[in-house]
Every structure is written in C-alpha cells, then in structure tokens.
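Below is one structure; the comments refer to it alone.
Quick note: the coordinates plus some simple rules give every number you see, no bench work behind them. None of the values given here were measured: they were computed from a predicted structure. A quick note on method: Cβ atoms are made from the backbone with ideal geometry, for glycine too, and the neighbour counts reach across all protein chains shown.
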Amino acid sequence: MTSSALVPTQHSSRIAEVSRDTAETRIHVRVNLDGSGISNLHTGIGFFDHMLDQIARHGLIDLDVHCQGDLHIDGHHTVEDVGITLGQAIARAVGDKKGLRRYGHAYVPLDEALSRVVIDLSGRPGLHFHIPFTSGMIGQFDTQLAYEFFQGFANHALATVHVDNLKGINAHHQAETAFKAFGRALRMAVEQDARMVGVIPSTKGVL
C-alpha cells in the first residue's frame, strides 16, 4: 500500500512541505523558493546528498530532505522517491505560477565537464536526458539513478526538463555539472518577473 500526502505547514505560495510514506521509503521535503541556499539533507547516500546540496546552493532554494529508504536493497527507491517528492514540493510552492519567469536555463562547467539544463514549468511533464556517464558508480551512488531522480522530478513538478552533459571524462564532474546546472535553471524558472505580476506566463492563460 502506497500513500502520498502533501502537508503544508506555512501559508505561503513560495514555501511548501511534502511527506511521502510508502513501503519502500519515508520522506519529508521542505522547500523555500525565496531562500539563500541553506540545506539540511539526510538520504543515507552521501553523494546524493552532495548533489541535492548543489541544487539548493546554486538554486538559492532552502531545502530540507529527510529520507529513510530501503538501502539494504539499493538506492533506487530512495533517489527516485526524493525526485518525486521534491517535484511535488516545487509544484506546490509555485502555486498558480502567476508572475513566474517559467523558463530557466544554465550551462555549468567543472574542469573538463560541461552540462546544460533547460526547464519549462509548462504543466506538461517530460524529461529529455543525456549523460553518458564514464563510470557506473560514484561512491555509493549508482549513476543510472540520476535519470530516475530527474524523471521523478519532471513528472511531479509538471515540468519539461532537458538535461545534457556536453563534455566530460570524470563521472563525478559529469554529475555535479548537471545538478548545478539544474539548480541554476530552476532558480531562473521560479523567479518572479516584476513585469508579469499577477499574469500567468502563457497565451493559454493557464499552466
């Protein structure tokens, strides 16, 4: 039996909390889109915490993630479900999307590696992902799970997300540039545009 609950604890369109309890994971996520990049992260996978910290720091999003997952099996459920829960929290925090820039993009280098991420808070979930990882594992993090994280996020944030590693030899660098670029692109997409106050950024009038 799987249950998922959205649990807002503050009345703000820019702050949201989500709890997700299943037979595989127990997760609590809190986001503040108008934060300063402070994070409090406990997933049980050190490298994954490091990547989530990149999202918070470069996205200027205060981010708390606490997950108890079935790591005795592997990291799959933990990483995927954190992506799902973070996506739900972002969707709740942006609300009706009035005044948002909606689109975000970023290129981020790290030594030989270069990644590009483009985000559209479109209301239409979709992931286009290309990272040709040069190693299957980074510490205790299975590099295949990067796709699962972004897929979970895109599906539940109702966002179109393009993640492309354009260059890279070191797998740590490949992942870090992608997560940093994601944070910076998300920061841009959720920013409020002073010229769009009260306006939904779509000719349809709804996102």
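Within segment 85-110, which residues are in a helix (DSSP H, G or I) and out of contact with any strand residue (DSSP E or B) (no Cβ under 7 Å at 6 or more places or on another chain)?
Just the residues of segment 85-110 that are in a helix (DSSP H, G or I), to begin with: 85-94.
Matches in segment 85-110: Gly87, Ala91.
If you take the residues of segment 79-130 that are over 13 Å from the mean Cα position of the chain (by Cα) and of a type in the set (S, T, N, Q), which of them is nearest to Ala16 (Cα to Cα)?
Applying the filter and picking the extreme gives Ser122.
Residues to consider are Ile84, Ile119, Ile138, Ile131; find the one that is closer than 28 Å to Met196 by Cβ, crowded, with 17+ Cβ neighbours inside 10 Å and β-branched (Val, Ile, Thr).
Numbers: Ile84 fails: closer than 28 Å to Met196 by Cβ; Ile138 fails: closer than 28 Å to Met196 by Cβ; Ile131 fails: closer than 28 Å to Met196 by Cβ.
None of the others qualify; the one that does is Ile119.
Looking for something touching a residue at least 60 places away in the same chain (Cβ under 8 Å), on the phi < 0 side of the Ramachandran plot and charged (D, E, K, R) - is there at least one such residue anywhere in segment 157-165? Steps first, please.
Within segment 157-165, the subset touching a residue at least 60 places away in the same chain (Cβ under 8 Å) is 157-159.
Now drop any that are not on the phi < 0 side of the Ramachandran plot, which leaves 157, 159.
Checking the rest, the ones that are also charged (D, E, K, R) come to none.
No, because not a single residue in segment 157-165 is touching a residue at least 60 places away in the same chain (Cβ under 8 Å), on the phi < 0 side of the Ramachandran plot and charged (D, E, K, R).
Does segment 141-171 hold any residues that are of a type outside the set (A, V, I, L, M), crowded, with 20+ Cβ neighbours inside 10 Å and over 16 Å from the mean Cα position of the chain (by Cα), and which are they?
The answer is Phe141, Asn165, Gly168.
Could you please find all residues in segment 134-172 being part of a loop (DSSP other than H, G, I, E, B) and farther than 27 Å from Ala89 by Cα? Spell out how you get there, then give the answer.
Going residue by residue through segment 134-172, those that are part of a loop (DSSP other than H, G, I, E, B) are 134-136, 139-140, 143-144, 158-159, 168-170.
Selection gives Thr134, Ser135, Gly136, Gly139, Gly168, Ile169, Asn170.
Regarding segment 99-108, can at least one residue be identified that is in contact (Cβ under 8 Å) with a residue 24 or more places away in the chain, closer than 16 Å to Ser13 by Cβ and among the charged types (D, E, K, R)?
Keep residues of segment 99-108 that are in contact (Cβ under 8 Å) with a residue 24 or more places away in the chain, which gives 99-108.
Those left that are additionally closer than 16 Å to Ser13 by Cβ: 99-102.
Filter once more, keeping what is among the charged types (D, E, K, R): 101-102.
Yes, there is a match, as at least one residue in segment 99-108 is in contact (Cβ under 8 Å) with a residue 24 or more places away in the chain, closer than 16 Å to Ser13 by Cβ and among the charged types (D, E, K, R).
Give me the pairs, please: first residue somewhere in segment 112-130 and in contact (Cβ under 8 Å) with a residue 60 or more places away in the chain and within 13 Å of Gly183 (Cα to Cα), second residue anywhere and of a type in the set (S, T, N, Q) and outside any strand (DSSP E or B), beta-carbon distance under 6 Å, and either six or more positions apart or on two chains.
Ser115/Thr177
Residue pairs, Cβ under 6 Å, 6 or more apart or interchain, first in segment 189-207 and assigned to a loop (DSSP other than H, G, I, E, B), second of a type in the set (Phe, Trp, Tyr) and surrounded by 12 or more Cβ atoms within 10 Å (Cβ to Cβ). List them.
Final answer for the pair search is none.
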